[in-house]
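Quick notes on the structure that follows.
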Amino acid sequence: MRPARQRPGGLAAGIVMALCKAPPFFRSYCIKYKERVKSQLSLIDDRGSRKEGLMIERIKTPYLAAFLLMTLLSASCAPGMHLDTRNAMESDVQGSYRVIFFGCNFFNDLETIVLLQKEDSRYTFEPYAPDFQYSVAKGIASGDALASAEKFVKCNASFHRAELSSILAPDGTVLGYELRPLYFPLTYGLEDVLDTNYFIKGDKVVATIRLVPAIAKKLQGGTDQGKDR
């Protein structure tokens, strides 16, 4: 009697089961794994050697498990579709907004910006940062939202003016706005010190907000941006 087949299992199989229930992007890995399992079982039958087939499986399964795990982790951290911005005018801001006040956590905090998400947007704006770095106000009328935003971005003593930009969906629809502070160039060597990017990931617009490398490097050297509250 031929010995019963031992189907591949363990960590790889567990990960693949999760992939089979995941969004379409991940299901391709599920299909590829199933095809590989079939070929390995066929190898066992063709050679008539259960031992040899199982040895191949033991070699391949740990590497496959590691590959699948790395794929899942990298995909969870990877940004989604990048969104463009363009200059906007205050008269463009109409309706009600969910307002995200990012930064101004200490005096002269340069990582300070305000995001205005349209209340009727299908996407929720979310900074890629710990919750304590920002606060959120909901249902704010456009006039009040802009007034609060302009007051908030004046956190730095070298504040010069605020710049308003719209955040655009891939089809050009305006999803919301950003209001960023611009500074006197003599203080930091640049007027605009922020590097911001927006990505659609699922039902969210993820915002990455950081200092441009030249400014970050300068501040790490201990210049100007004090931490006094």
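Across segment 124-142, not a single residue is classified as buried (at least 21 other Cβ atoms within 10 Å of the Cβ), out of contact with any helix residue (DSSP H, G or I) (no Cβ under 8 Å at 6 or more places or on another chain), among the polar types (S, T, N, Q) and under 23 Å from LYS201 (Cα atoms). PRO181 meets the conditions (1) more than 17 Å from the chain's Cα centre (by Cα); (2) over 18 Å from ILE215 (Cβ atoms) in every case but one. The failed one is (2). For CYS104, the requirement of being touching a helix residue (DSSP H, G or I) at 6+ places or on another chain (Cβ under 9 Å) and either over 23 Å from ILE200 (Cβ atoms) or outside any loop (DSSP other than H, G, I, E, B) (or both) is met.
Quick note: the coordinates plus some simple rules give every number you see, no bench work behind them. What you see is a predicted model; the values in this text were computed from it and never measured. Heads up, the Cβs are rebuilt from the backbone with ideal geometry, glycines too, and the neighbour counts pull from every protein chain shown.
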